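See below for the structure under consideration.
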Amino acid sequence: MRFDVVTLFPELFAPFLAAGVTRRAYEAKQVDVRLWNLRDFAEGNYRRVDDRPFGGGPGMVMLAEPLARCLAAVKAERADTAPVLLFSPVGERLDHAGVERWSASAGAVLICGRYEGIDQRFIDTHVDVQLSLGDFVLSGGEIAAMALLDAVARLQPGVLNDAGSHQEDSFNPALDGLLDCPHYTRPEEWSGTKVPEELLSGHHAKIEAWRRRQRLATTARHRPDLIAAARKAGRLTRADEEFLAGL
């Protein structure tokens, strides 16, 4: 898959693409990331990409024309019908199901906004999808783009050391959409606290039963909405319900 990133700060992506386990996906072009500097498509000595908003108010607004020229160049090189994605507060909130859909796609053109926003005429004319990371505002779309790229890259075959690692992620359907359980490693006792006996038993059924209970308890405590969703989808067993009733 290929993601073309339109940004005023392509240098922000250099360390991100070269570090961590997900770099394997980028190096192998499983997730082909191409960076486009928006200023290369601006005109004038100052390569201006923004201007004051009509109607007054604080901040600046990104000009439609440089964005349109850059997008035209991206589309000419791609020669496909990849969707144009803008990271925006009005967009649908990205979740695990959304990441899975993008990880199985051919990619997209990612528009990283800055300042007060983008001229609405560009959005209305060219943007196909808008996504949000949550109910907060970032200084630009680059961090949101990195979040999507990282989430997509780690789902690609061979990227994680253990091919089944992401199946144990929070929100994964393999865990019925629940949060993951607590994890422990050596030493067996640290700062006066011991690792739960079930994890030291070597009994796989006992270990899995403990993990299931912990997932249920953690999710009920921190994200009861996920418990409700799992119950509505018929993912909770009678034993699960009995355990939850006793919390």
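The values are calculated or read from the model by the stated rules, or taken from the named source; none is laboratory data. The shown structure was predicted, so the numbers you read here are calculated from the model rather than taken from an experiment. Every residue, glycine as well, gets a Cβ built from its backbone with ideal geometry; the counts of neighbours run over all protein chains shown. For accessibility, only protein heavy atoms count, side chains too; no ligands or nucleic acids. Shrake-Rupley method; radii C 1.70, N 1.55, O 1.52, S 1.80 Å.
Values as computed for the structure displayed
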| read-out | value |
| --- | --- |
| Largest-first principal axis extents, alpha carbons of the chain, Å | 70, 40, 39 |
| Exposure rank, largest accessible area first [LYS29, LYS232, LYS75; 1.4 Å] | LYS232, LYS29, LYS75 |
| Distant-in-sequence amide H partners of ASP32 (H built 1.01 Å from N, under 5 Å) | ARG2, PHE3 |
| Relative contact order of segment 173-247, pairs being alpha-carbon contacts under 8 Å that are 6 or more residues apart, as % | 37 |
| For the chain, built as a Gaussian network whose Cα springs stay under 10 Å, the top-fluctuating residue of LEU236, LEU71, LEU38 | LEU236 |
| Accessible surface, per residue, of segment 164-237 when the full set of protein chains is kept, probe 1.4 Å, Å² | 65 |
| Length-normalised contact order for the chain - Cα pairs under 8 Å, 6+ apart - percent | 18 |
| Percent accessible area from carbon and sulfur atoms, segment 182-247, protein chains only, probe 1.4 Å | 52 |
| Nearest-20 debye value, the chain charge dipole, Cβ charges on Lys, Arg, Asp, Glu | 180 |
| Global geometry of segment 52-126, whether rounded, prolate or oblate, following the gyration tensor of its Cα atoms and the 1.5 cut on a/c | oblate |
| Charge dipole (the chain, unit charges on Cβ, about Cα centre) - positive-most of MET146, ALA25, GLY158 | GLY158 |
| Relative contact order of segment 1-93, pairs being alpha-carbon contacts under 8 Å that are 6 or more residues apart, as % | 24 |
| Accessible surface of segment 1-151 [probe 1.4 Å, protein heavy atoms]: carbon and sulfur percent | 53 |
| Computed [θ] at 222 nm, deg cm²/dmol, the chain (DSSP H ≥ 4; -39,500 (n - 2.57); rounded to nearest 500) | -11000 deg cm²/dmol |
| Solvent-accessible surface (1.4 angstrom probe) belonging to ILE118, in square angstrom, nearest 10 | 20 |
| Average accessible area per residue (Å²) across segment 1-119 - probe 1.4 Å, nucleic acids and ligands excluded | 52 |
